[in-house]
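Down below is the structure, laid out as structure tokens.
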Amino acid sequence: MKLISWNVNGLRAALGKESFAWLSEHKPDFLGLQEIKVSEDKIPAEIYNLGFENISVNSAKRPGYSGVMSLSNLKSQNLKSQFFDDDEGRVLEHKFGNTYLFNIYFPNGQQGDERLAYKMDFYDKFLAYINALVGDGKEVIFCGDVNTAHREIDLKNPKANSKTSGFLPCERAWIDRVISSGFIDTFRFINGDKEDAYSWWSYRFNARAKNVGWRIDYFFISSNLKDRLKDAFILDGIEGSDHCPVGIEIDL
């Protein structure tokens, strides 16, 4: 089964750029989109012609902001956030069998101390929630724009960004806690310390052409799924957003 995640930074803009042409080649069974920036009643009609059986949406109350969408051929129970008061449209939870799959647009902490505190509270509540699921014997996958690069290898200029939200010690320590809880960073598990592997580039300074980027989009799996993971990849040749898609292949 192929699962792909992509922060599209505006669903309507991505559709206008024909940025989903790659679907015919990669054929994901599940596609989690973040930052769709559109309310559920204004989803463009083209999205329903992409070949997926099921589409679920969690839009932000604030127009033109945040929002997540999941497109899949899985038969699942689809829920909005069960662990956080989510009026920003950040979480979709999908349950099928013993597996819980989360599509999440994690908060950005760059707008100041209040937003950083909001981000860390979201982080903590989500980790407690998925730890409880694993403690009950569930299998957990979560994907999306985590808005934090974990290690120095995960961004081009770590020293210059050491005091920037997205690479702060407290944010990086949360990913340490995720991993110490038994979750696996699938890209690093499959690809080791591969360098210059990024999923986001600033629109400024020709950053993408120079590959001055950050790896802030992830798939994590619980350790009870490790033996079923077949591949993890970054599709950095796909344009249409300041992020590129990331994905895994896994037996489910």
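Kindly state, as a whole number, the per residue volume in cubic angstrom of the convex hull around the alpha carbon atoms of the stretch 36-83. Intermediate results must be reported in sequence, preceding the final value.
Numbers: hull volume 3.8 nm³, N = 48.
Dividing the Cα hull volume of the stretch 36-83 by its residue count gives 79 Å³.
Hey, how many Å between the Cα centroid of the stretch 218-247 and the Cα centroid of the stretch 73-123?
18 Å
Based on the alpha-carbon set only, what is the convex hull volume of the stretch 1-104 divided per residue, in Å³?
Values: hull volume 9.2 nm³, N = 104.
Output value, Cα hull per residue: 88 Å³.
Can you tell me which of Asn147, Asn49, Asn161 moves the most in a GNM of the chain? Springs connect C-alpha atoms under 10 Å apart.
With Cα springs under 10 Å in the chain, the top fluctuation among Asn147, Asn49, Asn161 is at Asn49.
If you put +1 on each Lys and Arg Cβ and -1 on each Asp and Glu Cβ, how big is the dipole of the stretch 125-219 around its Cα centre, in Debye rounded to 20?
Values: 14 positive and 12 negative charges, 84 e Å.
The dipole magnitude comes to about 400 debye.
Work out, step by step, the length gained on full extension between Asp196 and Asp227: first 0.36 nm times the residue separation, then minus their alpha carbon distance; give nm to one decimal.
Working: separation 31, 0.36 × 31 = 11.16 nm, distance 2.67 nm.
This chain segment gains 8.5 nm when fully extended.
How much net charge surrounds Asp85 when only the other residues with a Cβ under 13 Å from the Cβ of Asp85 are counted, with Lys and Arg +1 and Asp and Glu -1? Write out the running numbers ahead of the final one.
Details: positive: Lys61, Lys80, Arg90, Lys125; negative: Asp86, Asp87, Glu88, Asp121.
After counting each charged neighbour, the total is 0.
Please identify the GluC sites (Glu not before Pro) of the stretch 15-92 that satisfy two criteria: DSSP loop assignment and at most 14 other Cβ atoms within 10 Å. Which are they? Show your work: numbers first, answer last.
Working: sites: Glu18, Glu25, Glu35, Glu40, Glu46, Glu53, Glu88; in loops: Glu18, Glu35, Glu53, Glu88.
Hits after loop and neighbour filter: Glu18, Glu53.
For the chain, which whole percent of the accessible surface, found with a 1.4 angstrom probe, sits on carbon and sulfur atoms?
On the way: 5110 of 11190 Å².
Ligands and nucleic acids excluded, carbon and sulfur reach 46 percent.
State which entries of Lys37/Lys125; Lys42/Lys159; Lys61/Lys210; Lys17/Lys80; Lys119/Lys159 exceed 31 angstrom in Cα-Cα distance in the structure shown. Intermediate results must be reported in sequence, preceding the final value.
Working: Lys37/Lys125 24 Å; Lys42/Lys159 42 Å; Lys61/Lys210 37 Å; Lys17/Lys80 29 Å; Lys119/Lys159 22 Å.
Too far apart for the 31 Å limit: Lys42/Lys159; Lys61/Lys210.
Leaving out ligands and nucleic acids, and using a 1.4 Å probe, what accessible area per residue does the chain come to in Å²?
Working: 11190 Å² over 252 residues.
In whole numbers, the chain has 44 Å² accessible per residue.
Cross-link list Lys2/Lys194; Lys194/Lys226; Lys138/Lys163; Lys163/Lys226: which exceed 30 angstrom alpha carbon to alpha carbon?
Lys138/Lys163; Lys163/Lys226
Using the Cα centre of the chain as the reference point, and only Cβ charges (+1 on K/R, -1 on D/E), how large is the resulting charge dipole? Debye, rounded to the nearest 20. Can you show the working numbers first?
Details: 31 positive and 36 negative charges, 68 e Å.
With Lys and Arg at +1 and Asp and Glu at -1, about 320 debye.
Over the stretch 2-250, what lengths in whole Å, largest first, do the semi-axes of the equivalent ellipsoid take, defined as the square roots of 5 times the eigenvalues of the alpha-carbon gyration tensor? It would help to have the intermediate numbers written out before the result.
Working: eigenvalues 110, 98, 74 Å².
After diagonalising the Cα gyration tensor, the semi-axes are 23, 22, 19 Å.
Give the percent of DSSP beta bridges with both residues in the stretch 2-250 that are antiparallel, rounded to the nearest 5. Mind showing how you got there, number by number?
Details: 41 of 53 bridges.
Here the antiparallel bridges make up roughly 75 percent for the stretch 2-250.
Compare the Cα positions of Leu31, Ser165, Gly192 along the charge dipole of the stretch 2-250 (+1 at Cβ of Lys, Arg; -1 at Cβ of Asp, Glu; about the Cα centre) and return the one farthest towards the positive end.
Going by the Cα projections, it comes out as Ser165.
Of the GluC sites (Glu not before Pro) in the stretch 151-217, which ones lie in a loop per DSSP and count no more than 16 other C-beta atoms within 10 Å? Please list the in-between numbers first.
On the way: sites: Glu152, Glu171, Glu195; in loops: Glu195.
The qualifying sites are Glu195.
With a 1.4 Å probe and every protein chain left in place, tell me how much accessible area Asp121 has, in Å² to the nearest 10.
60 Å²
If exposed trypsin sites (Lys or Arg not before Pro) are those in a DSSP loop with at most 15 other Cβ within 10 Å, what is the longest stretch of the chain that has none?
76-150
Which chymotrypsin sites (Phe, Trp or Tyr not before Pro) from the stretch 172-205 combine a DSSP loop assignment with at most 14 other Cβ atoms within 10 Å? All intermediate terms of the calculation are to be shown ahead of the outcome.
Working: sites: Trp174, Phe183, Phe187, Phe189, Tyr198, Trp200, Trp201, Tyr203, Phe205; in loops: Tyr198, Tyr203, Phe205.
Listed in order of number, the matching sites are Tyr203, Phe205.
From the residues Tyr105, Ala209, Asn9, which one has its Cα farthest along the dipole of the chain in the positive direction, the dipole being from +1 and -1 charges on Cβ of Lys/Arg and Asp/Glu about the Cα centre?
Going by the charge dipole, the pick is Ala209.
The values are calculated or read from the model by the stated rules, or taken from the named source; none is laboratory data. Source: prediction; values computed, not measured. With ideal geometry, Cβ positions are generated from the backbone for all residues, glycine too; neighbour counts draw on all protein chains shown. Please note that ligands, DNA and RNA were not included when accessible areas were found on the heavy atoms of the full protein model with its side chains. Shrake-Rupley method; radii C 1.70, N 1.55, O 1.52, S 1.80 Å.
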